[in-house]
Amino acid sequence: MGIRDLLVMDTPVPSLRGRKVLITGAASGIGRATAEAAAARGAELVLTDLHADQLDEVVAGILRADGTVLYHLAGDVSDYDWVANFARQVDAEVGVMDVVMNIAGISAWGTVENLEHRHWRSLVDVNLMGPIHIIECFVPQMVRRGSGGHIVNVSSAAGLLALPWHAAYSASKFGIRGVSEVLRFDLRRHGIGVSLVCPGGVDTPLVDTVEIVGVDRDDPRVKAAINNFHKVAVSPETAAAAILKGIRKNRFMVYTSFDIRFGYWWARKFALPYEIAMRVANDRFDKLARVSGTTLEARARDHHSAQ
């Protein structure tokens, strides 16, 4: 490897036009917005999501807008056997991918005394093992082909910072961050770029459905906190634009909002203030949990008495 190769990597996928692009989690949120934006830029899509009806709706909308969907199939990326079979079908009918985007994900928050094993297991299965399954089944073909490509893995602000109640979620998101960091260097020699997307607040349906274990989501104080999140969150379309720009510029770290870029820089440069800020945030979350938990317990007692 020459000096230039050590310092500079030519952008593997400067344009999506005519490129075969796999996107997981394509039926809603960031995945849907990214699929629609990629189609508008001339990508030839292979799409998957757990929810078949919603996926069919997305595909129909892209086709109505004169986009191209080469193949789509609903399935569970946490199921390795399903992913392997899906990959064999795609290989046979479509060929090798130019871009692979791991966007599918789930979330659950809670403190360690409230989280159950199923929460830890499902988050790691979907958010970490899901992308690993896709990488296992789609990337070796890209390497063997020898003409480069690009991989996108979606982590989170919780993959960079110690956010309160996010231990299980962070386990998965820090994990995919580590995978991406290694692949960034492992795949460079093959002309395959890697982008790690670290969204902050994104206004997707996940915000209103995320399970907050041990907390009453109907509590007015919790509702107010969620409404405040909606006010500062960016749209899925903004996140999608950042992802596509990251591919075009061959950027490793892709932020969807300035606050996370600044927060991560600040955490690395100012360790003690970062620790203090996290302690303060944790105390505030704890107070919210205690008042909300009291409401939840009262409702449970009322329900038991009614029976």
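The values are calculated or read from the model by the stated rules, or taken from the named source; none is laboratory data. Keep in mind that what you see is a predicted model, and the values were worked out from it rather than measured. All Cβ positions, even for glycine, are placed from backbone atoms using ideal geometry, and neighbour counts span all protein chains on display. Just the protein is used for accessible areas: all its heavy atoms, side chains included, with ligands, DNA and RNA removed. Shrake-Rupley method; radii C 1.70, N 1.55, O 1.52, S 1.80 Å.
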Practice problem: Look at the stretch 125-183 and say how many of its residues are under 14 Å from the mean Cα position of the chain (by Cα) and of a type in the set (A, V, I, L, M, F, W, C). | Solution: 15
Quiz prompt | Looking only at the stretch 68-83, and only at residues there that are within 14 Å of Leu22 (Cα to Cα) and among the small types (Gly, Ala, Ser), the one that is surrounded by the most Cβ atoms within 10 Å (Cβ to Cβ) | solution = Ala74
Quiz item: Out of the stretch 24-67, which residues are open to solvent by 30 Å² or more (accessible area, probe 1.4 Å) and touching a residue at least 60 places away in the same chain (Cβ under 8 Å)?
Solution: Ser28, Arg32, Glu36, Arg41
Quiz item: How many residues are more than 25 Å from Val21 (Cα to Cα), in contact (Cβ under 8 Å) with a residue 60 or more places away in the chain and not in a loop (DSSP other than H, G, I, E, B) when one looks only at the stretch 116-152?
Solution: 1
Practice problem: Just give me the residues in the stretch 240-283 being assigned to a helix (DSSP H, G or I), in contact (Cβ under 8 Å) with a residue 40 or more places away in the chain and either in contact with a Cys (Cβ under 9 Å, 6 or more places away or on another chain) or surrounded by fewer than 17 Cβ atoms within 10 Å (Cβ to Cβ) (or both), in sequence order. | Solution: Ala241, Arg248, Lys249, Asp259, Ile260, Tyr264, Met278, Ala281, Asn282
Exercise. Hey, could you check the stretch 1-23 for residues that are open to solvent by 60 Å² or more (accessible area, probe 1.4 Å) and of a type in the set (Val, Ile, Thr) and say which is farthest from Leu73 (Cα to Cα)?
Key: Ile3
Exercise. Restricting attention to the stretch 155-182, report how many residues are open to solvent by 20 Å² or more (accessible area, probe 1.4 Å) and under 27 Å from Ala43 (Cβ atoms).
Key: 4
Quiz item: Considering the stretch 75-109 alone, what residues qualify as being aliphatic (A, V, I, L, M) and under 18 Å from the mean Cα position of the chain (by Cα)?
Solution: Val77, Val83, Val99, Val100, Met101, Ile103, Ala104, Ile106, Ala108
Exercise. Scan the stretch 189-219 for residues that are modelled with pLDDT of 95 or more and open to solvent by 40 Å² or more (accessible area, probe 1.4 Å) and report the count.
Key: 1
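Out of all the residues in the stretch 178-196, which are assigned to a strand (DSSP E or B), touching a residue at least 60 places away in the same chain (Cβ under 8 Å) and closer than 21 Å to Asn127 by Cα?
Gly193
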Exercise. Say whether the condition of being of a type in the set (Lys, Arg) and modelled with pLDDT of 80 or more is met by at least one residue in the stretch 289-304.
Key: no
Self-check item: Residue check, Val94 hydrophobic (A, V, I, L, M, F, W, C) and either in contact with a helix residue (DSSP H, G or I) (Cβ under 8 Å, 6 or more places away or on another chain) or open to solvent by 30 Å² or more (accessible area, probe 1.4 Å) (or both)
Solution: no
